Amino acid sequence: MKFSELPLDERLQRAIVDAGYTTPTPIQEKAIPPVLERKDLMGIAQTGTGKTAAFALPILQNLLQGGDSKGQKPIRVLVLLPTRELAIQVSDCFEKYQKYTRLTSACVFGGVSDLPQKRALSRGVDTLIATPGRLLDLVNQRVVSLKKLEYFVLDEADRMLDMGFIHDIKKVVAQLPQKRQNLFFSATMPPEITKLASTILRTDPVRVEVAPQSTPIERIRQELYRIDKRRKGALLKEMLLEHPEMKKVLVFSRTKHGADKIACVLEKAKITCAAIHGNKSQNRRQEALGNFKTEQIRVLVATDIAARGIDVDNVSHVFNYDLPDVPETFVHRIGRTARAGREGVAISFCAPDEEQDLRAIEKLTRVQIPEGDKAIFEKLPPPQKETPESEARNARWRTGKFGGRKARGSAENKPQKEKSQAKPQATQGKPQAAQKQNTAPTPKTHTGKRLGSRARRRLREEQARKQQQGA
Ligand SMILES: Nc1ncnc2c1ncn2[C@@H]1O[C@H](COP(=O)(O)OP(=O)(O)OP(=O)(O)O)[C@@H](O)[C@H]1O
Ligand SMILES: [Mg+2]
């Protein structure tokens, strides 16, 4: 099938040609017709197979059929994403596909001033692409109204419906009209999340599953290295020095502090790199990602904020320096390579205490990861013994008192805006007084009542998770 055979407007067809697409991918072929028929849809397809266009193109087509008017207009499409970088990327895709029409879109996300975002919204947009925290901020400020919404899209739907985001999503859904089209997409969809999703989708959703959920792309060649935790840095460095064909490399670390530490090791070996995680400012995050895209740096070290959806051309290798404890995350991480028909390599390091994570990953993906060439271990220096000094240094790293600086992950260094986002409204405006006494303000409900212990625990869990994801 060719794109030209799909009932899409000539203006969209021209943009598709400009994007260099000729044939729809399987998910596009299967999802576009039911979306055009205004059905609810759950779309499951492997990473890098064009899910974004699978929802964006038919939505734009439907919007065009409703009239391509100029001037002030209500928001008719909402696309929610788990990270700021992904929101920017999907927003760029909408702009690319709608460039020959008068349809407009805006993108809102946290960590930056909301003024330019408000300005863009004041002109009226058809499509709003957002991360949930900033969207709710703007809804509460009455800058955004979702009362006329027609299309509700959750990309990375299983992530959006898990513990970290579900409360925000419920608040957003409460703002939407009952009659709307719901579209959920992801490469992974655990059964318990499918059940939850069915409470938001209408009664007759179409389920399009191109491959069983959590199937990694076959073109990813995988290798496993069982290695002691303390030798992982040396192994990564040795591999990068030995293999110049590892040109564009994404390294995943489980923690922000770990990502910084890996970047330090690589910098010392004169390997160009940058780290990206939730404690970096938004500008630094975008700068690091931009330099990686344009190949000004060879390695990007990231936490799982870069695991999902991010589309960088020609990532040659993905390293799992640490294995993720959520197996679905592994599928997304390695899916940053071998996108849009290309090949790629995923290399995973597994320390003895990660064997259980490895088993969960292999069970989910139905793939037994082959072991890599053990000859490389002979080139590594012998493992360093922990001395009292190195123990103390590691402890300082962990507590953030390294070199007299404050903990990078500590609450003090968290951007103020992000802190306030996760707090209930009633506590905003009072934190300074509370900081003076060095105690956190008591979280309260919007009516001013103190939260119960279960609600406080949930809030703490949610804050910790958001901090980890940098959402
Ligand atoms: N029909 C097509 N032909 C060629 N390239 C395409 C086509 N559709 C999309 N692409 C390109 O494929 C790449 C991956 O697309 P996209 O990011 O939408 O994948 P995805 O399925 O959403 O992946 P993920 O699960 O990682 O989010 C993009 O660079 C996109 O421009
Ligand atoms: Mg995607």
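Quick rundown of the values:
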| item | result |
| --- | --- |
| Placed amide H near Arg207: partners under 5 Å, 5+ positions off or other chain | Met42 |
| 5 angstrom amide H check on Ser253, placed H, neighbours 5+ away | Ala302, Thr303 |
| Vicinal HN-Hα couplings computed from phi for the stretch 316-331 (Karplus, 6.51 cos²θ - 1.76 cosθ + 1.60; Hz; Gly/Pro x) | 7, 9, 10, 10, 9, 5, 10, 7, x, 8, 9, x, 4, 4, 4, 4 |
| Per-residue ³J(HN,Hα) for the stretch 264-270, Karplus 6.51 cos²θ - 1.76 cosθ + 1.60, θ = phi - 60°, Hz, x for Gly and Pro | 4, 4, 5, 4, 4, 8, 6 |
| Charged-residue dipole, Cβ positions (Lys, Arg, Asp, Glu), the stretch 3-209 about Cα centre, Debye nearest 20 | 860 debye |
| Karplus-derived HN-Hα couplings along the stretch 225-237 (A = 6.51, B = -1.76, C = 1.60, θ = phi - 60°), whole Hz, x at Gly and Pro | 10, 7, 8, 5, 3, 6, 9, 4, x, 5, 5, 4, 4 |
| Of Gln117, Cys107, Leu63, farthest towards positive along the dipole that unit charges on Lys, Arg, Asp, Glu beta carbons give the stretch 3-209 | Gln117 |
| Spin-label pair Gln13/Glu362, simplified geometry with 7 Å Cα→Cβ offset, distance in nm | 5.1 nm |
| Global size of the stretch 220-379 as Cα Rg and Dmax, reported in angstrom | 14.4, 41 |
| Normalised convex hull volume, the stretch 95-176, alpha-carbon set, Å³ per residue | 110 Å³ |
| Ratio of the Cα radius of gyration of the stretch 1-154 to 2.2 N^0.38 Å, where N counts its residues | 1.02 |
| Asp228 versus Asp204: modelled label distance in nm, points set 7 Å from Cα along the beta carbon direction | 6.4 nm |
| FRET efficiency estimate (nearest 0.05) - Cβ-Cβ, Arg219 to Lys148, R0 56 angstrom | 0.85 |
| Average Cα contact separation per residue, the stretch 3-209, under 8 Å, 6 or more apart, as relative contact order % | 28 percent |
| Value of relative contact order over the stretch 245-353, rounded to a whole percent, pairs C-alpha under 8 Å and six or more apart | 31 percent |
| For Ser348, distant residues with modelled amide H under 5 Å away | Glu223, Leu224, Tyr225, Asn320 |
| Ranked Cys264, Cys350, criterion: other C-beta atoms within 10 Å, fewest first | Cys264, Cys350 |
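Quick note: the coordinates plus some simple rules give every number you see, no bench work behind them. Please read these numbers as outputs of a predicted model, since none were measured by experiment. As a convention, Cβ positions derive from the backbone with ideal geometry for all residues, glycine included, and neighbour counts pool all protein chains shown.
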